[in-house]
Amino acid sequence: MKKTIILALLAVVLYACGNKENAQSVDQLIASKNVTALQTKKTALQAEIAKIEEALATLDVKKEEALVSVLTLKDTIFNHYLDIQGSVDTKENILVQPEFSGTLTSLTVIAGQKVSKGQILGRVDDGGMSQQLASAENQYNLAKTTYERQKNLWDKKIGSEIQYLQAQAQMISAQKSVAQIKAQLSKTVIRAPFTGTIDEVFVEKGQVVAPSVQGLMRIVNLNNMYVSTTVPETYIGKLKVGTLVDVYLTSLNKTYKGKVRQIGNFINPSNRSFGIEVSLPNPDNLLRPNQVAKLKITDYVNKEAIVVPTSVVQEDGTGAKYVYTVEGSNGKTGTAKKVLVTVGKSADNVTEILSGLSANDIIVTEGVNNISEGMKLNF
């Protein structure tokens, strides 16, 4: 009996102490350095916070009406782009080099002049080679005449065969000498390798020039422009010759339509990429080699896609994506509904919705951060 009374008194004392600790403020408990009391207080506060959050979640649906903007979804074409940077170039952009050493005796073009393929741009002194050609042609004419006479005699069975063969050999040798001198002499004439425009002239008439020492002039053709760039190897198989490309020139603030015309067959091991070339029209003659270009290459197309503004897609604590739709719409009001969605690719500030939404659904586009499920919406 006495033992029972002692236990009852002890329980009363502990209960009184617990109430006393609960009544103490957090600062008082910290000052007392009572770890057990602090842990008890923490547990009690966490339970109270959980109750508050539960109540708020319930009361949220009873918020005041919200004014929002909405959008009715439709099937549309969705294009995804690969955004990369490239450089404008042309295959026909070269420095014209002399093929013969000597003094530049004539220069027939100036910077900015348009020229045709094969047009004479200048001449280099031939160093007496013209006289050598004249002498060689005389030797050839004599050898040819001798051969023809010897051939007539040989056809009539007059003379020896060796005389006929010697005359033939001399004629052929003289003919080859003439051809060789003509080939060397042609190198003194500087011709345009292709049709284009003389961009800059680096020499003057009377200047001594030589092969591989300096360029005489730069000639550029702006009718065959393209953009070169590199693409990550993950896009192998996604890009094909003929793929459409939007090419934006920052310097011109203008977008051109191009097509992939060449795809590299080599992967650069240093950056795991391969090269491509995009053909580029130049109707206004504004493109120049080495201009910076931004490319948008279409790598994915969905012709019947449901897309929403990327900003309306939200994520909850579990990582699930969702949007707010409008239920019971009468054209002016409705009720907010939280709908889980599966998203696809994103481009141009819109996101593809793979599941969860369909055509004719109405979604909230503005004011999504101020609403919750069940709230009345005005729009």
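The values are calculated or read from the model by the stated rules, or taken from the named source; none is laboratory data. None of the values given here were measured: they were computed from a predicted structure. Note: ideal-geometry Cβ built from the backbone for every residue, glycine included; neighbour counts use all protein chains shown.
Values as computed for the structure displayed
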item: Search result, residues across the stretch 115-149 that are under 30 Å from residue 94 (Cα atoms) and more than 59 Å from the chain's Cα centre (by Cα); result: none
item: Extreme residue, modelled with the lowest pLDDT, among residues of the stretch 190-238 that are more than 30 Å from residue 271 (Cβ to Cβ) and of a type in the set (Gly, Ala, Ser); result: 212
item: Among (1) assigned by TED's automatic domain parsing to the domain that holds residue 233; (2) hydroxyl-bearing (Ser, Thr, Tyr); (3) under 22 Å from residue 79 (Cβ atoms), the one test that residue 351 misses; result: (1)
item: Answer residue from the stretch 90-104, given it is in a strand (DSSP E or B) and polar (S, T, N, Q) and is farthest from residue 224 (Cα to Cα) among those; result: 103
item: Given (1) polar (S, T, N, Q); (2) more than 60 Å from the chain's Cα centre (by Cα); (3) not in a helix (DSSP H, G or I), index of the condition residue 152 fails; result: (3)
item: Subset of the stretch 329-377 (residues that are free of Cβ contacts under 8 Å to residues at least 60 places away in the same chain, outside any loop (DSSP other than H, G, I, E, B) and among the charged types (D, E, K, R)); result: 337, 338
item: Flag for residue 269 being closer than 18 Å to residue 90 by Cα and either assigned by TED's automatic domain parsing to the domain that holds residue 233 or in contact (Cβ under 8 Å) with a residue 60 or more places away in the chain (or both); result: no
item: Identity of the residue in the stretch 311-328, more than 37 Å from the chain's Cα centre (by Cα) and not in a loop (DSSP other than H, G, I, E, B), that ends up surrounded by the fewest Cβ atoms within 10 Å (Cβ to Cβ); result: 327
item: Positions within the stretch 244-266 being closer than 10 Å to residue 88 by Cβ and surrounded by fewer than 15 Cβ atoms within 10 Å (Cβ to Cβ), in sequence order; result: 251
item: Residue in the stretch 306-319 that is closer than 20 Å to residue 75 by Cα and among the acidic types (Asp, Glu) present; result: no
item: Close pairs (7 angstrom Cβ cut-off, 6 or more residues apart or separate chains): assigned by TED's automatic domain parsing to the domain that holds residue 142 in the stretch 153-176, surrounded by fewer than 16 Cβ atoms within 10 Å (Cβ to Cβ) and among the hydrophobic types (A, V, I, L, M, F, W, C) anywhere; result: 159/153
item: Test for residue 276: is it at pLDDT 90 or above and either in a strand (DSSP E or B) or within 23 Å of residue 360 (Cβ to Cβ) (or both); result: yes
item: Residues that are assigned to a loop (DSSP other than H, G, I, E, B) and of a type in the set (D, E, K, R), drawn from the stretch 192-222; result: 204, 205
item: Unmet criterion (only one of (1) in a strand (DSSP E or B); (2) exposed (fewer than 13 other Cβ atoms within 10 Å of the Cβ)) for residue 283; result: (1)
item: Residue that is nearest to residue 122 (Cα to Cα) [pool: residues in the stretch 155-191 that are among the polar types (S, T, N, Q) and in a loop (DSSP other than H, G, I, E, B)]; result: 188
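Every residue, every condition in (1) at pLDDT below 75; (2) in a helix (DSSP H, G or I), yes or no:
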position: 22; (1), (2): yes, yes
position: 37; (1), (2): no, yes
position: 45; (1), (2): no, yes
position: 50; (1), (2): no, yes
position: 59; (1), (2): yes, yes
position: 64; (1), (2): yes, no
position: 70; (1), (2): no, no
position: 85; (1), (2): no, no
position: 88; (1), (2): no, no
